[in-house]
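A.B. asks: Provided herewith is a single structure, encoded as structure tokens, for subsequent inquiry.
Bear in mind that the values in this text are calculations on the coordinates, not laboratory data. Just so it is clear, the model here is predicted, and its values are computed rather than measured. Reconstructed Cβ throughout: ideal geometry from the backbone, glycine too, with neighbour counts over all protein chains shown.
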Amino acid sequence: MQKFTRISSIQEFLLSEKRKGRKIGFVPTMGFLHEGHLTLAEQARKENDIVVMSIFVNPLQFGPNEDFESYPRNSERDSELAEASGVDVLFLPEAEEMYSGSSVTMHVTERTDVLCGRKREGHFDGVVTVVSKLFNIVGPDKAYFGLKDAQQVAVIEGLVRDLNFPVTIVRVPTVRETDGLAKSSRNVYLSEEERAEAPVLYSSLKDAEILIAEGESDPERIISHIKNRIREETNGVVDYIEIYSFPELREITRLQGEVIIALAVKFQKARLIDNIIITKTQEEKSNV
């Protein structure tokens, strides 16, 4: 595995590889790698000649009261995990290398005022800025993003469409524990009792999927069912349960086409998020 810290060096190397006809898969991360990141790399390994991973804790996507300085970093451990997952090229730039000037800023106007983005003003502006720079630096054929953070996927798909980046965004399913709980570094903050309750989040989403397959298409009734299960079977506090078109993230009154059902639940020391994305076709029966 080759490592680069300078933009000019990695660009020169990857341009040479592209001239040889090699396809590049790209996995952007902020490091402190976990199984979710490694699944993205493994998927990229199956579909490309060269797998590039970036590790960069992007200061632009942290708010003034968020944990940029304390965000976990372990480049040595990350390098070992990346190489073991089939990464060929690791890009480890410093902030000074990525942001040598600030004459251009980016602002996302859609898909950000719902779900977690509602409380993180400016977060996705920082995301699209760094992702745009990384796409220009790496020049990937495909880029891999996990659906655990489905709102980020939606925003990046909008970015690629609007700015005509010649890259295919590959959605990778959420990595889960055997009981269905979405894997997250925050799961360690759950008490033993909360950890036993937490799989109800995904189970309630799967209940909703069954309801929809049976013909339910009213978002409010689906949300009510999920909320009742979580309140009755956990000690968590519901932050939100929302249903939108996907990836547009627009409000809907009836389920049709691709939709996301997403939730966030607060436990004592952890806030967990999860979602499912389903497609409801006109041919499916509906309870009208």
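A.B. asks: How large is ³J(HN,Hα), in whole Hz, for each residue of the range 241-257 in order, when computed from phi with the Karplus curve 6.51 cos²θ - 1.76 cosθ + 1.60 and θ = phi - 60°, using x for Gly and Pro?
C.D. replies: Computed from phi, the couplings for the range 241-257 are 9, 9, 10, 9, 5, 10, x, 5, 6, 10, 5, 9, 9, 9, 6, 7, x Hz.
A.B. asks: Here's a follow-up. Just report the Cα centroid separation between the range 83-116 and the range 10-71, whole Å.
C.D. replies: Cα centroid of the range 83-116 versus Cα centroid of the range 10-71: 9 Å apart.
A.B. asks: If packing is taken as the average number of other Cβ atoms within 10 Å across a peptide's residues, how do 143-150, 115-122 rank, most packed first?
C.D. replies: 143-150, 115-122
A.B. asks: With both bridge residues required to lie in the chain, what share of the DSSP beta bridges run antiparallel, to the nearest 5%?
C.D. replies: Percentage antiparallel, nearest 5: 50.
A.B. asks: Given an 8 Å cut-off on Cα distances and at least 6 residues of separation, report the relative contact order of the range 2-172 as a percent.
C.D. replies: 29
A.B. asks: List the trypsin sites (Lys or Arg not before Pro) in the range 24-100 that DSSP assigns to loop (not H, G, I, E or B) and whose Cβ has at most 13 other Cβ atoms within 10 Å. Which are they?
C.D. replies: Counting only loop positions with at most 13 other Cβ atoms within 10 Å, the trypsin sites (Lys or Arg not before Pro) in the range 24-100 are Arg73.
A.B. asks: If you don't mind, another one. Helix 35-47 versus the longest principal axis of the chain: what is the Cα-based angle in degrees, 0 to 90, to the nearest 10?
C.D. replies: 60
A.B. asks: While we're on this one: Work out, step by step, the length gained on full extension between Glu66 and Ser100: first 0.36 nm times the residue separation, then minus their alpha carbon distance; give nm to one decimal.
C.D. replies: 9.9 nm
A.B. asks: Follow-up. What do you get for Rg/Rh over the range 2-172 if you use C-alpha atoms and the Kirkwood form of Rh?
C.D. replies: 0.93
A.B. asks: Among Ile243, Leu255, Ala208, which residue has its Cα furthest toward the positive end of the charge dipole of the range 185-279, with +1 on Lys/Arg Cβ and -1 on Asp/Glu Cβ?
C.D. replies: Checking the options against the dipole of the range 185-279, the answer is Ile243.
A.B. asks: FRET efficiency for Ser75 and Arg19, Cβ-Cβ distance as r, R0 = 41 Å, nearest 0.05?
C.D. replies: Details: r = 30 Å, r/R0 = 0.73.
FRET efficiency, Ser75 to Arg19: 0.85.
A.B. asks: Please state the shape class of the range 17-107: rounded when a/c is under 1.5, otherwise prolate if a/b exceeds b/c and oblate if not, all from the C-alpha gyration tensor.
C.D. replies: Oblate, since a/c reaches 1.5 and b/c is not below a/b.
A.B. asks: Mind ordering 98-110, 231-243, 209-221 by average Cβ neighbours within 10 Å, highest first?
C.D. replies: 231-243, 209-221, 98-110
A.B. asks: So which chymotrypsin sites (Phe, Trp or Tyr not before Pro) in the range 20-72 are both in a DSSP loop and have at most 15 other Cβ atoms within 10 Å of their Cβ? Walk me through the numbers before you get to the answer.
C.D. replies: On the way: sites: Phe26, Phe32, Phe56, Phe62, Phe68; in loops: Phe32, Phe56, Phe62, Phe68.
Passing both the DSSP loop test and the Cβ count: Phe68.
A.B. asks: Return the FRET efficiency for the residue pair Arg221, Asp162: r is the Cβ-Cβ distance, R0 is 30 Å, and the value is rounded to the nearest 0.05.
C.D. replies: Computed FRET efficiency for Arg221 and Asp162: 0.30.
A.B. asks: Then there's this: Could you tell me what % of all Cα pairs in the chain have separations over 35 Å? Please list the in-between numbers first.
C.D. replies: On the way: 8807 of 41328 pairs.
Tail of the P(r) past 35 Å holds 21 percent of the pairs.
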